[in-house]
Amino acid sequence: MHGRLKVRSPDAARRRQREEKLRLYRSAMATLLGKEAPPDEVLALTGSVLTANPDVGTCWNLRRKALPAQAEDWVQSELAFAGACLAVNPKSYGAWHHRIWVLARAPPPSPVPGERQLCERLLGADPRNFHAWEHRRALADAEDTEAELAFTAELLARDFSNFSAWHHRGRLLGKLGTGSLRHELELVQNAVFTDPNDQSAWVYLRCILSQASPPPRILCLYVNREDATLAVIFSRPVLVGSERSALSVTLNGSAVEGTWRSGEGSSRPSLTWLWDFPSDLCPASSLHFWVTWEPGPAHHEVTLQADEDEAWWQEPIVVRELFWPEVGVTDPEVLEELVGTCRELLDLEPQSRGCLLTLVLLLSALDPLAHEDEIRRCLRALQEADPLRGGFVADVASRAEVALGLLRAQKELGGGGGRLCLPRKALSVLALPERAALVTELDVSGNRLGALPPNLGALRRLKVLDASHNSIASLRGFPPLPCLEELNLEGNPIALAASLAPLAACPRLSRLALATTPVAADPQAAPHLARLLPGVAITLT
């Protein structure tokens with residue numbers, strides 16, 4: 001009743017047996033902890049305790065101290081003892097740690113074959129025993145990789161949903177050659193056509209097509225003479241000034257000192273870092289900046305000519321990496337074949353979540369602009385097929401829309417500058433701000449944004465921002481934007497005028513459009529806004 005499992009009370013004999021076991025355990029622990037017992041007695045007492053409960057870490061420590069220093073005659077007996085403890089609890093941390101400790105002291109011949117058999121036996125009972133998988137993975141470093149691959153293939157032939165076997169296989173393969181990749185793709189294809197809705201093979205497929213996330217790098221340099229500021233925009237948030245990361249600037253051939261500050265106005269890792277010019281520079285001179293990021297492999301430079309107010313350098317966008325930056329397979333023929341496989345499978349199973357997500361990634365890696373309609377259809381189908389992960393799918397779709405908008409802007413205007421239009425795209429997040437650093441007008445009206453994120457500080461040239469008709473309730477965390485002149489927040493449920501305080505850090509803001517909510521909720525809102533934003537023309541709709 002009420003979801004509770006009915007458990008039969010133990011009979012008198014079992015109760016007496018438990019009480020006796022508890023008495024012996026307490027007696028043994030009292031002896032171990034109460035005096036300095038001889039090694040033989042310690043081994044006997046810890047043995048009696050650990051065979052009943054292998055998770056008593058104190059007993060394992062005492063047992064290791066009692067074992068002789070030279071590993072000659074006790075290695076096999078200790079391995080057998082640890083194996084008996086694992087029979088009681090196959091996931092005992094203490095028993096596995098003790099087994100590894102014993103193996104490190106084992107003389108030749110190597111006990112590895114017996115260890116592999118133990119792992120196979122335990123994995124046969126529980127394929128998700130991560131202790132056994134980690135143990136086998138450590139042994140595989142010294143064993144035949146092909147034998148391990150054959151072992152995983154045998155397990156997967158029994159059950160394609162064995163994610164632990166897929167993971168072990170991926171760790172063994174490392175960097176794949178073309179031949180190995182082809183073989184793995186055939187294995188995955190057999191798995192997904194057997195059960196298209198099982199996620200294990202799909203996750204494995206995306207893993208073998210990927211590489212490690214690229215380290216942070218500089219994407220853009222922007223210098224503004226009027227603000228006397230150099231901005232450095234990174235591919236990922238970094239913390240400048242830590243022990244392992246440093247930015248340095250050479251100005252007109254001379255190294256200069258200076259303090260870096262976050263473009264988001266905080267001390268946390270940031271996409272944007274700012275450096276103020278020395279105050280004694282000639283205002284009409286040409287300025288050449290040479291920027292070095294210490295963990296990075298190269299420098300970057302930008303020159304502000306004497307008759308210019310601003311200058312920039314920006315890394316060109318690599319289309320195939322914009323949406324899926326971890327993609328590691330560069331052969332379009334392989335990606336095209338996988339696209340065909342996914343389309344064929346979707347004809348049979350149109351709601352396969354793994355297939356829909358994989359197809360989106362593949363199309364984005366090939367040519368997202370040419371496949372944008374199909375990408376949107378897949379994402380809508382994924383939303384319907386996986387309503388429990390609606391937030392994740394919405395964020396993926398938002399990233400796709402921003403990526404498509406950036407690619408169109410780059411194609412039309414070059415360099416990613418100018419106007420970026422993303423109205424009514426159902427955006428839940430504003431992704432890829434680091435790739436929009438040169439945008440001057442941004443239209444994200446009619447979306448589902450709940451906030452304007454701090455990483456918009458990367459948009460150093462932004463003059464006009466239309467964020468009307470979203471779900472923005474506060475501007476908390478909104479970054480100082482030095483060029484922002486117009487901001488439209490009509491149709492947003494901003495309830496308190498005080499939440500607009502971050503706008504005071506935008507020195508060029510001259511026009512602000514708001515819904516009447518702040519004024520209607522607080523009669524002091526209008527005077528407060530006038531004091532907070534002097535000189536700003538505020539329109540209430």
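Table for the structure above
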{"read-out": "Cβ pairs under 9 Å, 6+ apart, first in segment 189-200 and within 13 Å of Glu344 (Cα to Cα), second aliphatic (A, V, I, L, M) and open to solvent by 80 Å² or more (accessible area, probe 1.4 Å)", "value": "Phe193/Leu348; Pro196/Leu348"}
{"read-out": "Near pairs, Cβ below 9 angstrom, 6+ apart or cross-chain, from segment 495-513 (farther than 12 Å from Cys483 by Cα) to any residue that is basic (Lys, Arg) and open to solvent by 50 Å² or more (accessible area, probe 1.4 Å)", "value": "Ser499/Arg476; Ala501/Arg476; Pro502/Arg476"}
{"read-out": "3 or more residues in contact (Cβ under 8 Å) with a residue 12 or more places away in the chain and surrounded by fewer than 22 Cβ atoms within 10 Å (Cβ to Cβ): qualifying strands (runs of 3 or more DSSP E) within segment 405-481", "value": "418-421, 439-443"}
{"read-out": "Qualifying position, being farther than 30 Å from Trp324 by Cβ, in contact with a Gly (Cβ under 9 Å, 6 or more places away or on another chain) and open to solvent by 10 Å² or more (accessible area, probe 1.4 Å), among Ala505, Ala521, Ala513", "value": "Ala505"}
{"read-out": "Where Ala52 falls short, out of the listed (1) among the hydrophobic types (A, V, I, L, M, F, W, C); (2) buried (at least 16 other Cβ atoms within 10 Å of the Cβ); (3) touching a Lys or Arg at 6+ places or on another chain (Cβ under 9 Å)", "value": "(2)"}
{"read-out": "All positions within segment 485-532 that are in a helix (DSSP H, G or I) and not aliphatic (A, V, I, L, M)", "value": "Ser499, Pro502, Thr517, Pro518, Pro527, His528, Arg531"}
{"read-out": "Selection status of Tyr204, among the hydroxyl-bearing types (Ser, Thr, Tyr) and more than 26 Å from the chain's Cα centre (by Cα)", "value": "no"}
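Table: residues versus (1) open to solvent by 40 Å² or more (accessible area, probe 1.4 Å); (2) among the hydroxyl-bearing types (Ser, Thr, Tyr); (3) in contact with a Cys (Cβ under 9 Å, 6 or more places away or on another chain); (4) within 28 Å of Asp307 (Cα to Cα).
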position: Val240; (1), (2), (3), (4): no, no, no, no
position: Gly253; (1), (2), (3), (4): yes, no, no, yes
position: Ser266; (1), (2), (3), (4): yes, yes, no, no
position: Pro269; (1), (2), (3), (4): yes, no, no, no
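The values are calculated or read from the model by the stated rules, or taken from the named source; none is laboratory data. From a predicted model like this one, the values you see are computed outputs, not experimental measurements. Glycine gets a Cβ as well: all are built from the backbone with ideal geometry, and neighbour counts include every protein chain shown. What goes into the accessible areas is simple: the full protein's heavy atoms, side chains included, and nothing from ligands, DNA or RNA. Shrake-Rupley method; radii C 1.70, N 1.55, O 1.52, S 1.80 Å.
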